[in-house]
Amino acid sequence: MQPFRVHTGLVAPLDRANVDTDAIIPKQFLKSIKRSGFGPNLFDAWRYTDRGEPGMDPATRRPNPDFVLNQARYRGASILLARQNFGCGSSREHAPWALADFGFRALIAPSYADIFFNNCFKNGLLPIVLAEREVDRLFADVAVFPGYTLTIDLERQSVATADGSLTYGFEVDPFRKRCLLNGWDDIGLTLQHADEIRTFEARRLHDQPWLA
Amino acid sequence: MSTRTLYDKLWESHIVREEGDGTALIYVDRHLVHEVTSPQAYEGLRLAGRKPWRVGSIVATADHNTPTTHWDEGIRDPISRTQVETLDANIAAFGAKAYFPFRDRRQGIVHVIGPESGATLPGMTVVCGDSHTSTHGAFAALAFGIGTSEVEHVLATQCLLMKKSKSMLIRVDGTLPHGVTAKDLVLSIIGRIGTAGGTGHAIEFAGEAVRALSMESRMTMCNMAIEAGARAGMVAVDDTTIDYLKGRPFAPPADTWQRAVERWRTLASDPGAKFDTTHVFDASTIRPQVTWGTSPEMVVSIEDRVPDPDRERNAERREGIARALEYMGLTPNVPVTDIRIDKVFIGSCTNSRIEDLREAAGVVRGRRVAGSVKLAMVVPGSGLVKAQAEAEGLDRTFRDAGFEWREPGCSMCLAMNDDRLEPGERCASTSNRNFEGRQGAGGRTHLVSPSMAAAAAIAGHFVDVRRLY
């Protein structure tokens, strides 16, 4: 996994609550057996006016000029500013894969759905939770200042503007923080405890043989 | 010892080890696998030179992509076919306790076949790369959906790294009125607490009304816990649970059955156990529900009208209502009974079990689907549900009324196969999500119970099913 330490990037605002994973990556793209290549279909139904199907050449699609990510000022954005309960619905990890493949490294929102939140950390994508009023302020500033960037420092748990005029701290689970800072693979970490798992399993299956 | 909730008991009995910060390594008893969220996990396993930790924990099926007609022709969409064949190959290479592939007579929706085969048992941790895994919590199991990285993690280690959630009690007192179902109850709960109401929580459904529900109705409720934002929903063990499990293929055999039952009987919250959050509902006040918007919380009763955004004071919510009404093509203040429909879908992991089909057939019997309805379809949850329904003659009831009787699968719940809505089409659906485009780009979904979907098919618009009984 790609580590996340300090990231400075352009912020794009997606101003609607309860964005679900069906919207982030529609189901017809889940037929892929790969982890990559979902970026061109991120927010497909909102981003294009034609109907997206797997295998279409993005260059031939009709972009929806009203959709925020199609606006020139947000081209190259790597931080997505969102509203509450972002990522609700299906467990599809294709949602964080699509966001990361598009170029996002971090998300900022007042809240996320649990499974989506969890999936982000497995993919080097940092979902930051800020208070509602802090998110409101960022939405207001992004609208006013073209080229609005933020610097996210995971070690210091801070989000700051380039000139330092605004800095917000954020909470992050210490274990997830360590994994993300180091780009650690969870499986490798867990397998360090393989003996404990074996012992637990042997006792469990002995006591409750119907679980085998 | 202090009093414990059902969730406490399930959580504590699966801790392999725990770090000082509360991060725990949780052992997984049952791993359900389907074709959409597993290929990348198996590929990761292969690239790392690993093998599944315990093959006997894996129960797999192909459900999301499989067609519901012309099984003799196989899967026509080449991309879908590749995904299903990839699962075939992965199971062939790595093994499973049971695999119900495309066209097997026991194939079906993963959340239908787990319980019906007895692969889901009380006290288990059950995971699957699918958010509706919460369904299995109806058996007093700790069951929740995971992403593909976690699918790989479970394959490789039989464990998950996680922190304990908060606990929520949803207690439903009283009795559900005649004609009002578990689907109406859970939709009404989601309407009250919101789609983020259960975020960060594991929900226990309890109370007189929940105790009175069949296992299949409890599954419908737990299935939609995720629609309230909770990864897991659960119901304590009682006679209903045990009676359901007895004799299922993977249930404990005679020599351990009694021991298992004794252990399962402890799977209930202790009297006086403390929950982080509690909500109390009165079942007697619940009426048949219909969603009007693009989130399951956007729901009203059949006696109500479509909401008016101008009456909402919160700006964000007002905008949300207006946007949803525009997508849904609905006018504020219109009675729900005036909403006409184009298609009807009876199926999905929420409502495709035999009791759901009996309930719908009871409404349909002796009546005809309205001429204005383009398609009314029934998609049984599994091959065994289909066979049971046919043995009872339900297929005839549906066909005689003008319904299509299909092969099992996820079908138009998420429209990964050919079953889908065309732009602008409006559907009465027994599924679980009414998100934009969920049943097909531009499609408009109204979530209802099986009997309400059947009634809408007959009338051509939503009607109060209680008037048809």
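Here are a few things to note about the model shown:
- From the options B:Arg263, B:Arg318, residue that is of a type outside the set (S, T, N, Q) and over 23 Å from A:Cys88 (Cα atoms): B:Arg263
- Boolean, B:Val344 is surrounded by 15 or more Cβ atoms within 10 Å (Cβ to Cβ) and in contact with a Phe, Trp or Tyr (Cβ under 6 Å, 6 or more places away or on another chain): no
- Scanning region A:191-212 for residues that are open to solvent by less than 60 Å² (accessible area, probe 1.4 Å) and of a type outside the set (Phe, Trp, Tyr) yields a total of 11.
- Within region B:193-216, the only residue that satisfies the criterion of being polar (S, T, N, Q) and without any contact (Cβ under 8 Å) to a residue 60 or more places away in the chain is B:Thr199.
- Of A:Arg92, A:Arg51, all but one fail to be basic (Lys, Arg) and over 29 Å from B:His201 (Cβ atoms); the exception is A:Arg51.
- Out of A:Ala160, A:Ala77, A:Ala100, sole residue that is of a type in the set (Gly, Ala, Ser) and assigned to a helix (DSSP H, G or I): A:Ala100
- Residue that is nearest to the other protein chains (Cβ to nearest Cβ) [pool: residues in region B:191-209 that are over 16 Å from B:Ser167 (Cβ atoms) and open to solvent by less than 20 Å² (accessible area, probe 1.4 Å)]: B:Thr195
- Qualifying residues in region B:229-247 (those that are touching a residue at least 40 places away in the same chain (Cβ under 8 Å) and within 11 Å of chain A (Cβ to nearest Cβ)) - the one most open to solvent (accessible area, probe 1.4 Å): B:Arg231
- Residues that are in contact (Cβ under 8 Å) with a residue 60 or more places away in the chain and farther than 18 Å from B:His461 by Cβ within region B:356-376 comprise B:Asp356, B:Leu357, B:Glu359, B:Ala361, B:Gly362, listed in sequence order.
- Of all the criteria given as (1) more than 13 Å from chain A (Cβ to nearest Cβ); (2) surrounded by fewer than 18 Cβ atoms within 10 Å (Cβ to Cβ); (3) in contact with a Lys or Arg (Cβ under 6 Å, 6 or more places away or on another chain), the one not satisfied by B:Thr68 is (2).
- Tally of residues being open to solvent by 10 Å² or more (accessible area, probe 1.4 Å) and either at negative phi or in a strand (DSSP E or B) (or both) across region B:101-116: 6
- Filtered residues of region A:7-43 (kept if closer than 23 Å to B:Ala41 by Cβ, of a type in the set (D, E, K, R) and in a loop (DSSP other than H, G, I, E, B)): A:Lys34, A:Arg35
- Within region B:137-181, being open to solvent by 20 Å² or more (accessible area, probe 1.4 Å), assigned to a loop (DSSP other than H, G, I, E, B) and not small (Gly, Ala, Ser) holds for B:Lys163, B:Lys164, B:Thr175, B:Leu176, B:Pro177, B:His178, B:Thr181.
- For A:Gln84, the test of being within 23 Å of B:Pro39 (Cβ to Cβ), within 14 Å of the chain's Cα centre (by Cα) and surrounded by fewer than 24 Cβ atoms within 10 Å (Cβ to Cβ) is failed.
- Being open to solvent by less than 60 Å² (accessible area, probe 1.4 Å), closer than 22 Å to B:Thr157 by Cβ and away from every other protein chain (no Cβ under 11 Å) holds for only one residue in A:Gly169, A:Gly183, A:Gly188, and it is A:Gly183.
- Segments classed as helices (runs of 4 or more DSSP H), wholly inside region A:169-212, with at least 2 members that are out of contact with any strand residue (DSSP E or B) (no Cβ under 8 Å at 6 or more places or on another chain) and under 30 Å from B:Trp264 (Cβ atoms): A:194-207
- When restricted to residues that are of a type in the set (A, V, I, L, M) and over 30 Å from B:Cys410 (Cα atoms), region B:1-37 contains 6.
- Scan region A:1-60 for residues that are among the small types (Gly, Ala, Ser), more than 16 Å from the chain's Cα centre (by Cα) and under 19 Å from B:Asp130 (Cβ atoms) and the total you get is 1.
- Among the residues of region B:120-136, the one identified as under 19 Å from B:Glu262 (Cα atoms) and away from chain A (no Cβ under 11 Å) is B:Thr120.
- Considering the conditions (1) part of a helix (DSSP H, G or I); (2) within 14 Å of chain B (Cβ to nearest Cβ); (3) more than 26 Å from A:Val144 (Cβ to Cβ), A:Trp46 is excluded by exactly one of them, (3).
- Within region A:1-43, the set of residues being open to solvent by less than 20 Å² (accessible area, probe 1.4 Å) and within 10 Å of chain B (Cβ to nearest Cβ) comprises A:Val19, A:Asp20, A:Thr21, A:Asp22, A:Ala23, A:Pro26, A:Lys27, A:Phe29, A:Leu30, A:Lys31.
The values are calculated or read from the model by the stated rules, or taken from the named source; none is laboratory data. All figures in this text were calculated on a predicted structure; none of them were measured in a lab. For neighbour counting, all protein chains shown are included, and Cβ atoms are generated from backbone atoms with ideal geometry for every residue, glycine included. Surface areas here come from the heavy atoms of the whole protein model, side chains and all, with no ligands, DNA or RNA. Shrake-Rupley method; radii C 1.70, N 1.55, O 1.52, S 1.80 Å.
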